[in-house]
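Peer 1: To start, I am sharing the structure in question, which I have written as structure tokens.
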Amino acid sequence: MTIARGLSRIEDPACFPRWALQIVQRRSVDRIRRRKRERRSETELEKFNKGSVIESSKIGGDMAKLSEAISNLSESDRGLLRLFYESGRSVAEIS
């Protein structure tokens, strides 16, 4: 398409092969660079996602420990936590 759009700018038809080759070369280099950036981005995304899975499993383990610790609290202490975290009450209101 670039070659077709630029045909009107060529003054000497003998220059066409060299001119067209330059366009193809530039487009090829652009495509290679773009694909290289895409691969780098994909690699970084994969690394991030792997880290997220590891982090997610760590968080899941931490949540299980937290849930167990809360279940070991007395009913009144669990009620205080519910008032603060679920109901959004301030410490002053709870006291």
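Where a number appears in this text, it was derived from the coordinates with a stated rule and is not lab data. Only a predicted model underlies this, so the values are computations on that prediction, with no experimental measurement involved. Here Cβ is always computed from backbone atoms with ideal geometry, including for glycine, and neighbour counts include all displayed protein chains.
Peer 1: Once label points are set 7 Å from the Cα along Cα→Cβ at both Ser41 and Glu11, what is their separation, rounded to one decimal in nm?
Peer 2: 4.0 nm
Peer 1: Top mean-square fluctuation among Arg82, Arg40, Arg31, Gaussian network model of the chain, C-alpha springs under 10 Å?
Peer 2: Comparing Arg82, Arg40, Arg31 in the GNM, the peak value goes to Arg82.
Peer 1: Could you state the per residue volume, in Å³, of the convex hull enclosing the Cα atoms of the chain?
Peer 2: On the way: hull volume 16.3 nm³, N = 95.
Taking the convex hull of the Cα positions in the chain, it is 171 Å³ per residue.
Peer 1: Describe numerically, in nm with one decimal, the distance between label points set 7 Å from Cα along Cα→Cβ at Asp30 and at Arg89.
Peer 2: 6.6 nm
Peer 1: Nearest 10 degrees is fine. How inclined is helix 16-71 to the longest principal axis of the chain, computing both from alpha carbons?
Peer 2: Helix 16-71 sits at roughly 10 degrees to that axis.
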